[in-house]
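A short worksheet on the structure shown next.
Each value in this text was obtained by applying a stated rule to the coordinates, not by laboratory testing. None of these values were measured; they are calculated from a predicted model. Every residue, glycine as well, gets a Cβ built from its backbone with ideal geometry; the counts of neighbours run over all protein chains shown.
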Amino acid sequence: MVRSTSGRLPCEIKAGFSFRSPPLAYDRRDVAAQQDVVARHFAHVGWETPRLLRAMRTAPDFLFDSMGQVRLDSWSRGSVALLGDAGYCATPLTGLGTSLALVGAYVLAGELAATEGDHGAAFRRYDTVMRPYVSQAQQLPPGGAAGYAPSGRLGIRLRDLSMRSMTRWPMRNLLAAQFAKAGCIALPEYRLATDIRDRPQPRAGERVDRVERTPDGLGTPHRMSVGTED
């Protein structure tokens, strides 16, 4: 697949080349060799491809990488937690990377504040709340990678037809269902960290209220129960 998009600067166009292949062995430090791989895969493609391939050789921002997902059994170790693409990249094919990062940041920050410095407990709650959300977001849309970068002429024509039909039935409904996954989580409500810091500190021997969090199912807000302690 060859595509072009607007760049960040006026009159700037970015070009992208995507292809499917078995895992490739290449030197990540050898840019020229990486460009050779792209050139070989698109040597006989028409349109503006020859011109774009020539421009690729002198591009100052050339990037060559695989498109994959990050799936980990745990997103934390010790006092370090992973967030966004570092912990659960869903690939650009899902269109949900930003949603995952924003929601993950909200939940992680909220749990750290709610546990008042107990990062171990916060990381466990972060995993519990986010895991179902991440799992459904990482499910690729119909067709998956083969639909995005087909290899045969018929597949390419069907892909192009589906791209032109994004605003029409049935593609419109399929696309809407994919992006609707961004809202498939009931976000917990957290107190502000300032509320915790500003809470009056008890004097020695004084009975104080203790706020405990009681889970109410995966991905749903938590009720607050109040107890006392000496």
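Out of every Cα-Cα pair that segment 2-56 contains, those further apart than 16 angstrom amount to 49 percent.
Applying the Karplus relation 6.51 cos²θ - 1.76 cosθ + 1.60 with θ = phi - 60° to segment 14-20 yields 3J(HN,Hα) values of 9, 10, x, 10, 10, 8, 9 Hz, where x marks Gly and Pro.
Just check segment 93-140 against the gyration tensor rule for me: Cα atoms, a ≥ b ≥ c as the square roots of the eigenvalues, rounded for a/c under 1.5, and otherwise prolate or oblate depending on whether a/b exceeds b/c.
On the way: a/c = 4.41, a/b = 2.21, b/c = 1.99.
Prolate.
Shown here for segment 30-139: chymotrypsin sites (Phe, Trp or Tyr not before Pro) in loop regions (DSSP other than H, G, I, E, B) with at most 14 other Cβ atoms within 10 Å, namely W47, F62. Per-residue packing, averaged as other Cβ atoms within 10 Å, sorts the ranges 6-14, 51-59, 167-175 into the order 51-59, 167-175, 6-14, beginning with the highest.
On the principal axes of its alpha-carbon atoms, segment 118-170 has extents of 56, 25, 12 Å, going from largest to smallest.
Counting other Cβ atoms within 10 Å of each Cβ, which trypsin sites (Lys or Arg not before Pro) in segment 61-152 have at most 15 and sit in a DSSP loop? Write down the numbers at each step before the final one.
Working: sites: R71, R77, R124, R125; in loops: R71.
Of the trypsin sites (Lys or Arg not before Pro), the ones in loops of segment 61-152 whose Cβ has at most 15 other Cβ atoms within 10 Å are R71.
Across the alpha-carbon set of segment 26-103, the Rg to Rh ratio works out to 1.12, Rh being the Kirkwood radius.
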